[in-house]
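Colleague: Got a structure for you, questions after.
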Amino acid sequence: MARWLPRSADLTRFCQKLNRVKTLEDDMMETSFNRCLSTIDLTLLGIGGMVGSGLYVLTGTVAKEIAGPAVIVSFIIAGFASLLAALCYAEFGARVPKTGSAYMFTYVSVGEIWAFLIGWNVLLEYMIGGAAVARAWSGYLDSIFNHKIKNFTETHVGTWQLPFLARYPDFLAAAILLVATAFISFGAKVSSWLNHVFSAVSMGVILFILIMGFVLAQPKNWGAQEGGFAPYGLSGIMAGTATCFYAFVGFDVIAASSEEARNPQRAVPRAIAFSLGLATGAYILVSVVLTLMVPWHTLDPDSALADAFYRRGYAWAGFLVAAGSICAMNTVLLSNLFSLPRIVYAMAEDGLFFQVFSRVHPRTQVPVVGIVVFGLLMALLALVFDLEALVQFLSIGTLLAYTFVAASIIVLRFQQQKVDVPVPAAGGRPSPESHEGPSAGELKEYESFSDKLQLVDREKSKEHREPGQLKAAFEPYLEFLSDFYPGEVVTVAVVTLMVSAICLCSILVFGSTHLHLPTWSYSLLLVLFSLGFLLSLLLIWAHEQQHGTQTFQIPLVPLSPALSIILNIYLMLKLSYMTWLRFAIWLLLGLLVYFGYGIWHSKENLREPRPQRVSARYVVFPSGSLEERVQAVQPSSQPTTGLPDTDTEDSKR
């Protein structure tokens, strides 16, 4: 039976395959896409992805049912929390100007299987999100015409009484998705122009709402007679923050479009900062005027802004609000349809998804196959499925992507720069594809000592410390950590930090409710996991990180990404168990695709050097000097440097 068990060497190679990282090209500006988007184009794409129907619906819902006028504070906190994630995307988008967003960022720093799962979840997120917005767009337009479209469909087509299916087929929602798909397939410039038009109308309506709202404002609506500014207290503000956080989901369209930006190193960070700032300002100011126009407890959650103008005697303003809402939803549709095919393209280009989706149209320079296929799938979802039960699923995919991008920032920032050590190919010539140095924590094997001795001498000649090495100030106290390969301790500390964050957030969310922990054990566990989180953070900070790069860098690393990680995990654990169940099922389907197709067709799999027949190999360990280690493992009768390959000598004879 033992012969059927996998050997340890096979398991090691298998784990290395799962965690291999993507090899980036020397010229990352080279692309088959059309680099035509400016900073303004990217900024408006980001605004279109964030300022959608939420501005017209979410503000009223949170104000009436969760936070009251303190929804303003909820949006401020949610905007700051989103800023932490956005800055991580900004640094990656500038350093790795390739399409793929969170999938690409995870692939170049954490590993292949994690990147695939992130990309797999983002696919479903965009599909359900686009279909849900299309149905909301259809319902909003239908309500303007007194639901005549719905009544006509139910009368002439009929209704369904099946689980998970909509009550009636929504042809209008499917039609708007097909039209949007056609426009997106014409190219990035056409998509950007269309987004400009809808964004201009939407921002014009928002400006009108703000001016008229401040004219009609009544400060007494925040007074004690109406319940005060924060009627639900701090708990209501924080509950509102969790809901408002999802209003800012959408800035990742900027990172997904970085391969089509003219100057991504400058445009991506600026566009993310501008769009997030404008979106946060719009949400805060609209919340101010809405709660000052009418008492917060009298708001209509479904159409708060239009109803507020109607009750103040400006019924005509409701049509402007409706026009702005429809234009805002159009920008969200375009954002989803713009990002989704590009992420699919990135996965297919790397060999992890079906190769047909990596085709780029020679004239429009867009992945037209992915646009058409996933546009049709999105239209089908909007046509027949009841998406209300699936909308909450969107949150978990987004939060998981944010978490991995934040962790990837820490790993990449403390990673040692790649050293070009050619790996000999079969036949003795260096492989042209081998441009990577040894990865973190890897034991590297060499055929001879001469090349490695030169590398060691170069390393010894460097006076400054490399990224991932222990800082000089901490060496007297943490000397035992100096034996590890640069970046190895940081990687372990990041894993420990994430485990501590999961345990800490689990105690906070479930400790007193589901687990019914006594006070002493609840407090003890909080202290223990908080210490684990802080110690991991301090251990990361005790190492050198990369400095002096010419692209944007997020400040306060590792603190900023760590705060983003713990916040995202906390919000994920607040989701319902049914969301986690659907998430687990979707992950299992993704693993089937990866192990059935992706792992075998991965381009990194093709780059791996084939095993060669050599008579002797010498292992260079990460710790200690090369000469000392080599003398310990080689025969004493042989010289210490310049050893010939015995197979080569035999063949010459």
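The values are calculated or read from the model by the stated rules, or taken from the named source; none is laboratory data. It should be emphasised that the depicted structure is a prediction, and the values quoted were computed from it without experimental measurement. A quick note on method: Cβ atoms are made from the backbone with ideal geometry, for glycine too, and the neighbour counts reach across all protein chains shown. Calculation scope for accessible area: heavy atoms of the full protein, side chains included, ligands and nucleic acids excluded. Shrake-Rupley method; radii C 1.70, N 1.55, O 1.52, S 1.80 Å.
Colleague: Free of Cβ contacts under 8 Å to residues at least 24 places away in the same chain, over 24 Å from residue 416 (Cβ atoms) and part of a loop (DSSP other than H, G, I, E, B), is that true of residue 25?
Modeller: Here the answer is no, as residue 25 does not meet what is asked.
Colleague: Further question: Based on this model, can you work out whether residue 619 counts as modelled with pLDDT under 80, in contact with a helix residue (DSSP H, G or I) (Cβ under 8 Å, 6 or more places away or on another chain) and outside any loop (DSSP other than H, G, I, E, B)?
Modeller: yes
Colleague: Another question, then. If I ask for residues that are under 30 Å from residue 240 (Cα atoms) and at pLDDT below 80, which ones from the range 15-55 would you list? So that I can check it myself, show each step before the final result.
Modeller: Pass one, the range 15-55, residues under 30 Å from residue 240 (Cα atoms): 42-55.
Across the range 15-55, the qualifying residues are 52, 53, 54.
Colleague: For the range 177-207, give me the residue count where each residue is of a type in the set (Phe, Trp, Tyr) and within 17 Å of residue 47 (Cβ to Cβ).
Modeller: Of the residues in the range 177-207, 2 are of a type in the set (Phe, Trp, Tyr) and within 17 Å of residue 47 (Cβ to Cβ).
Colleague: Give the range 515-531 a look and list any residue that's within 33 Å of the chain's Cα centre (by Cα), in a helix (DSSP H, G or I) and among the hydrophobic types (A, V, I, L, M, F, W, C), or say none.
Modeller: 525, 526, 527, 528, 529, 531
Colleague: Please work out if residue 342 is of a type outside the set (A, V, I, L, M), open to solvent by less than 10 Å² (accessible area, probe 1.4 Å), in contact with a helix residue (DSSP H, G or I) (Cβ under 8 Å, 6 or more places away or on another chain) and modelled with pLDDT of 90 or more.
Modeller: So residue 342 passes the test.
Colleague: Could we say that residue 220 is in contact with a strand residue (DSSP E or B) (Cβ under 9 Å, 6 or more places away or on another chain) and of a type in the set (D, E, K, R) here?
Modeller: For residue 220, the condition - in contact with a strand residue (DSSP E or B) (Cβ under 9 Å, 6 or more places away or on another chain) and of a type in the set (D, E, K, R) - is not met.
Colleague: Looking at residue 60, is it farther than 28 Å from residue 188 by Cβ, touching a residue at least 24 places away in the same chain (Cβ under 8 Å) and part of a helix (DSSP H, G or I)? Break it down stepwise before answering.
Modeller: Numbers: farther than 28 Å from residue 188 by Cβ: yes; touching a residue at least 24 places away in the same chain (Cβ under 8 Å): yes; part of a helix (DSSP H, G or I): yes.
Answer is yes for this residue.
Colleague: Based on what the data block shows, is residue 532 under 30 Å from residue 351 (Cα atoms) and either of a type outside the set (Val, Ile, Thr) or open to solvent by 60 Å² or more (accessible area, probe 1.4 Å) (or both)?
Modeller: No.
Colleague: Can you pull out every residue in the range 28-57 that is buried (at least 24 other Cβ atoms within 10 Å of the Cβ) and part of a loop (DSSP other than H, G, I, E, B)?
Modeller: 51, 52
Colleague: Answer with yes or no whether residue 376 is farther than 30 Å from residue 35 by Cβ and either modelled with pLDDT of 90 or more or open to solvent by 60 Å² or more (accessible area, probe 1.4 Å) (or both).
Modeller: For residue 376, the condition - farther than 30 Å from residue 35 by Cβ and either modelled with pLDDT of 90 or more or open to solvent by 60 Å² or more (accessible area, probe 1.4 Å) (or both) - is not met.
Colleague: Let me confirm something: among 109, 138, 185, which residue is within 23 Å of residue 546 (Cβ to Cβ) and in the same structural domain as residue 246 (by the TED database)?
Modeller: The conditions single out 109.
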